[in-house]
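Reading through the structure tokens given below for one structure.
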Amino acid sequence: MLRIFHNTAFDFIKWWRTAAIATIAFIVLGLGSFAVTGGINYSIEFTGGTLQQLQFQQPPDVGRIRTTLDAAGIKGAEIQQYGGPTEFTVRAQDAAQVREQGANAASVGRRIEGALTQAFGANAFRVVRTEAVGPRVGAELRRGAIIAVLLGSLITLIYLAVRFEWRFGLAAVLATGHDIFVTLAFIKLMHLEVSLTIVAAILTLLGYSMNDTIIIFDRVREDLRQKRKEPLRATLNRAINETLPRSILTHATTLAATLALLFFAGEVIRPFAWVMAFGVIVATFSSVYVAGPLLLWIERKWPRRIDAAPSRPAARPRVEDEAVVAR
Amino acid sequence: MSNLKYRFLLIAALLAASVWALFPRTVVERVKRNGVFVTDTVRRVPLKRGLDLQGGMHLTLEVDEAKGAVQNKGEALDRAIRVVRNRIDELGVAEPIVQKVGDDRIIVELPGVDDPERAQAVVERAAFLEFQITDESQALERSFARLDPIAARILGRAPAAAALGAAAAPAGDTARTPGGLGGLLTTAKDSAARAGGDSAKAVGDTGRKLAADSPKADTAAIKPVQKGVFSSAVQQGGGVPGQYFVAEKDYARLATLLDSAEFQAAMPPGKVLRWGVDTVTLGGNLYRTLYVLDSRPIMTGERLQDAKPQTDPTEGNLVQFSLDREGGRRFRSETAKHIGDFMAVVLDERVITAPRIQSAIGSSGQITLGGGTLQDAQDLAIVLRAGALPVPLKVSETREIGASLGQDSIQKGITAMAIAVLLIVVIMVGYYKFSGFLAVAALTLNLVFTLAILAGFNATLTLPGLAGLVLTLGIAVDANVLIFERIREELDRGKQVRLAVDEGFRHAMSAIVDTSVATILSGAVLYQYGTGPVRGFAVTLVAGIAASLFAAIFVTRTFFLLWLQRSPRTQTALSI
């Protein structure tokens, strides 16, 4: 058999201080960049505004686009290259434009198209995509997204608390909180556009990180049932080492799928793929170096009775296990 | 042995059901042939594609309360939905969707529509048709003394407040240029008015190019009536009583004035002021027409039974309408009372035309459009036939995606999936050898089952959904990895092969169930709070995880059982 990291006995938890410093530094860096480069790059779905994706025959002069739009009264539009040199997006997200869209969401988009047609001619470009969101819809989507993330985390955590003992559940809760902050820092540092698709990616990331933590805790639960006379820290290290091959393999396949999306699925999916790729790293890291140490700390503050095994509903009689142990 | 047979039967049955669900089938739908929409049968795979994969337009409409609050929004929206649906049916879109969302919005989706601007105009048009007699009593002149001081006061107020007032102009007017009285209102689609002369055929300015057929205006008769703020801007026109002309440069100011509630309250009782849709060139200057009409209409569009576009050799493009019996009767008696008067045809509070009533008009008549195109006549006929909107609607969100972009997205998604599958196969088979091959086979079934679930529930596949599918492939393998790693451990502990396999499946079960349920829960939350494309992602994720649960636990196990039974070598060494 080909085996990776088989029968390792590495003391992972030893490095928890280094890991804590690293992750806190990352979060501070991400949140600190708010002061330097401004707020989160919300998509128009959340702020309201208009987005138009244009395909030009020849690569256009961006400055000319900007002056044309300024002259038409659309100030402060964000013009970005989108993929190749002939594809551009124009984003009008200013408060004035959003207000104008309160009466008719499509009005700003038509004005942009009209102004550019006048300046460049109708054959020089094509509008391949327009998205226009009025102010009310934008605010509602924003609220819904936040609720989705909070509710999603809450529901999964309730499920965990039911399936595992509360100490495990709490450690997983806090690890998920850490994941949210670290992902936000990543999104901010990469200046990714926060759209509904990114929210979906964040939720998926949280779920994936939770999966990883569950795998380790499931193994801890099982190892504890062996009633070895060792401290929890040793059991935790053992569980991490035992599940290492599985983690490596699963992360490898998920990363393969994510990299395929990142490089081949086009511009619209790219931010989603970035978040998922980062998610694979976060999942491993937070399961070992956040959930683990937190579990130890919780155990220290509220210790279990030594002879009580963690509860597990509907356990089947483990006859074969005892046969193996007795051998 | 029999256990194995039943397991295979179940898998085969499910596979057959999935293939059947996905098999290209004849679907009755509307297809464009030679530029015309016909109902026809088409063979295609029954997977619905979202707008971002096939191109089209998405509109979210809300009740427009700019002109006054609306009671009972929910009920009014239900009626509005019926009207909108009728209009869209006539537009000829393959599979339109018109739905109420919550209590105060309508969603309209038009896949594959190739003129989104026209579609939006047809959908959001109020289409409120009225027939009103023009004023014969010189009521406006008699009120000038009262109206002028009010006008002076209103127009003398802060410019910003007056200019940025509620959008009172009916559909078709673009945003006013803010800040400043006397700003000229120009619309992007203003067509040049033909030079005045004997035939005062003017061309419209609302972008729909509806024109009016005003009778010959006597250019010599254009003169300002009086010297007041309001009265100096209004000039009496030619032969139509109740028709006035306003210089183009004064239009914006006067439009704001006419919108103010105070001015409207001061109007002579029983009369209303309505703008015409046309601009006229007289004596070298541009003018807009303004009409004084009886506020009580002698007929409204409610009684309209049918409307047909037509091209007449002498009159150009027009819409022929017919009223129902009751409407026809009433129309006849009303027009009989007003023979010789001028009747304004008012659509959405704009006067299209004001012909003279020669004789009593019965149940059928026509609205001439002058210089309008045949498509204008068709669109007007569509909205008149479907009926007026019970409440004014405004667009609060639109999304238009070109068909080429949709096609591009599909191709990219499929490429990404192919590469992901290739990489996963290499990893799994390389690491787990023959067991890995079995896992990949189960993964293929997983994909087929997921697509079948989507087709069966008539779910829509979107671009994020496609990404979710690729992701699910990567995550679904996790279940198999858990099982295989566990089997390896059991073999390490010295168990027999058969026992190790059983143990592997059993112990991994709890972890697999926990992780799958956790993912499905977050998918459900995402479905609840997401819109369109994100919902597609949530559905694909949940479908994929559900299918992978079955594939990993049941299908892989079955393959293993068969393999263990058939291959004697596995008694001693498992290829894992």
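The table that follows gives values for the structure above.
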{"read-out": "Filter pass, B:L471 being more than 8 Å from chain A (Cβ to nearest Cβ) and aliphatic (A, V, I, L, M)", "value": "no"}
{"read-out": "Strands (runs of 3 or more DSSP E) wholly inside the stretch B:91-154 containing at least 2 residues that are over 30 Å from B:G270 (Cα atoms)", "value": "B:97-101, B:105-111"}
{"read-out": "Strands (runs of 3 or more DSSP E) fully within the stretch B:287-374 counting 2 or more residues that are over 24 Å from B:A247 (Cα atoms) and among the polar types (S, T, N, Q)", "value": "B:304-312, B:316-323, B:364-368"}
{"read-out": "Scope the stretch A:99-134; condition at pLDDT below 80 and either more than 7 Å from chain B (Cβ to nearest Cβ) or in contact with a Phe, Trp or Tyr (Cβ under 8 Å, 6 or more places away or on another chain) (or both); matching residues", "value": "A:R99, A:Q101, A:G102"}
{"read-out": "Residue ID - surrounded by the most Cβ atoms within 10 Å (Cβ to Cβ), chosen from residues in the stretch B:497-508 that are within 20 Å of A:N7 (Cα to Cα) and within 10 Å of chain A (Cβ to nearest Cβ)", "value": "B:A508"}
{"read-out": "Options B:I453, B:I427: the member that is without any contact (Cβ under 8 Å) to a residue 60 or more places away in the chain and farther than 25 Å from A:L51 by Cβ", "value": "B:I427"}
{"read-out": "Among the candidates B:A518, B:A511, residue that is of a type outside the set (D, E, K, R), at the interface with chain A (Cβ under 9 Å from one of its Cβ atoms) and over 39 Å from the mean Cα position of the chain (by Cα)", "value": "B:A511"}
{"read-out": "Candidate set from the stretch A:14-66 (those that are over 22 Å from A:D179 (Cα atoms) and of a type in the set (D, E, K, R)); member that is least open to solvent (accessible area, probe 1.4 Å)", "value": "A:E45"}
{"read-out": "Selection from the stretch B:479-496 of residues that are open to solvent by less than 10 Å² (accessible area, probe 1.4 Å) and either over 21 Å from A:L255 (Cβ atoms) or within 8 Å of chain A (Cβ to nearest Cβ) (or both)", "value": "B:V481, B:I487, B:R488, B:E490"}
{"read-out": "Some residue of the stretch A:268-289 being out of contact with any Cys (no Cβ under 8 Å at 6 or more places or on another chain), outside any helix (DSSP H, G or I) and open to solvent by 30 Å² or more (accessible area, probe 1.4 Å)", "value": "yes"}
{"read-out": "Within the stretch B:397-407, tally of residues that are assigned to a helix (DSSP H, G or I) and either modelled with pLDDT of 90 or more or open to solvent by less than 60 Å² (accessible area, probe 1.4 Å) (or both)", "value": "3"}
{"read-out": "Hits in the stretch B:386-409 - residues which are under 21 Å from B:E90 (Cβ atoms) and within 9 Å of chain A (Cβ to nearest Cβ)", "value": "B:V395, B:T398, B:E400"}
{"read-out": "Given (1) open to solvent by less than 10 Å² (accessible area, probe 1.4 Å); (2) more than 22 Å from A:F272 (Cα to Cα), number of the condition B:G536 does not satisfy", "value": "(2)"}
{"read-out": "Output for the stretch B:254-276, where each listed residue is more than 18 Å from B:P149 (Cα to Cα) and open to solvent by less than 10 Å² (accessible area, probe 1.4 Å)", "value": "B:G276"}
{"read-out": "Close pairs from the stretch A:266-285: first away from every other protein chain (no Cβ under 12 Å), partner polar (S, T, N, Q), Cβ under 7 Å, at least 6 apart", "value": "A:F278/A:T183; A:V282/A:T183; A:V282/A:S209; A:T284/A:S247"}
{"read-out": "Restricting the stretch B:522-533 to residues that are open to solvent by less than 50 Å² (accessible area, probe 1.4 Å) and among the small types (G, A, S), the residue that is farthest from A:Y159 (Cα to Cα)", "value": "B:G532"}
{"read-out": "Residue, modelled with the lowest pLDDT, within the stretch B:230-245, restricted to residues that are open to solvent by 10 Å² or more (accessible area, probe 1.4 Å) and in contact with an Asp or Glu (Cβ under 6 Å, 6 or more places away or on another chain)", "value": "B:G238"}
{"read-out": "Conditions (1) in contact (Cβ under 8 Å) with a residue 12 or more places away in the chain; (2) closer than 27 Å to A:R143 by Cα; (3) not basic (K, R): number failed by A:A95", "value": "(1)"}
{"read-out": "Helices (runs of 4 or more DSSP H) (entirely within the stretch A:1-96) containing at least 3 residues that are within 14 Å of chain B (Cβ to nearest Cβ) and either more than 26 Å from A:V282 (Cα to Cα) or in contact with a helix residue (DSSP H, G or I) (Cβ under 6 Å, 6 or more places away or on another chain) (or both)", "value": "A:44-47"}
{"read-out": "Criterion violated by B:L422 - all others in (1) closer than 30 Å to B:R105 by Cα; (2) within 9 Å of chain A (Cβ to nearest Cβ) satisfied", "value": "(1)"}
{"read-out": "Among residues of the stretch B:1-28, those that are in a loop (DSSP other than H, G, I, E, B) and modelled with pLDDT of 85 or more, counted", "value": "0"}
{"read-out": "Matching entry among B:I576, B:I545 (being crowded, with 18+ Cβ neighbours inside 10 Å, at the interface with chain A (Cβ under 10 Å from one of its Cβ atoms) and not in a helix (DSSP H, G or I))", "value": "B:I576"}
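Conditions tested, residue by residue: (1) at pLDDT 85 or above; (2) facing chain A (nearest Cβ under 8 Å); (3) part of a helix (DSSP H, G or I); (4) surrounded by fewer than 19 Cβ atoms within 10 Å (Cβ to Cβ).
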| position | (1), (2), (3), (4) |
| --- | --- |
| B:Q411 | yes, no, yes, yes |
| B:I414 | yes, no, yes, yes |
| B:M417 | yes, yes, yes, no |
| B:V426 | yes, no, yes, yes |
| B:G436 | yes, no, yes, no |
| B:A439 | yes, no, yes, no |
| B:L443 | yes, no, yes, no |
| B:L447 | yes, no, yes, no |
| B:L454 | yes, no, yes, no |
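Condition check ((1) away from chain B (no Cβ under 14 Å); (2) assigned to a helix (DSSP H, G or I); (3) modelled with pLDDT of 90 or more; (4) under 30 Å from B:V425 (Cα atoms)) across all residues:
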residue	(1), (2), (3), (4)
A:V173	no, yes, no, no
A:T176	no, yes, no, no
A:A185	yes, yes, yes, no
A:L192	yes, no, no, no
A:N211	no, yes, no, yes
A:E222	no, yes, no, no
A:R233	yes, yes, no, no
A:I248	no, yes, no, yes
A:A260	no, yes, yes, yes
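The values are calculated or read from the model by the stated rules, or taken from the named source; none is laboratory data. Given the structure is predicted, the values throughout are model-derived calculations rather than measurements. In this analysis, Cβ positions are derived from the backbone assuming ideal geometry, glycine residues included, and neighbour counts consider all displayed protein chains. Please note that ligands, DNA and RNA were not included when accessible areas were found on the heavy atoms of the full protein model with its side chains. Shrake-Rupley method; radii C 1.70, N 1.55, O 1.52, S 1.80 Å.
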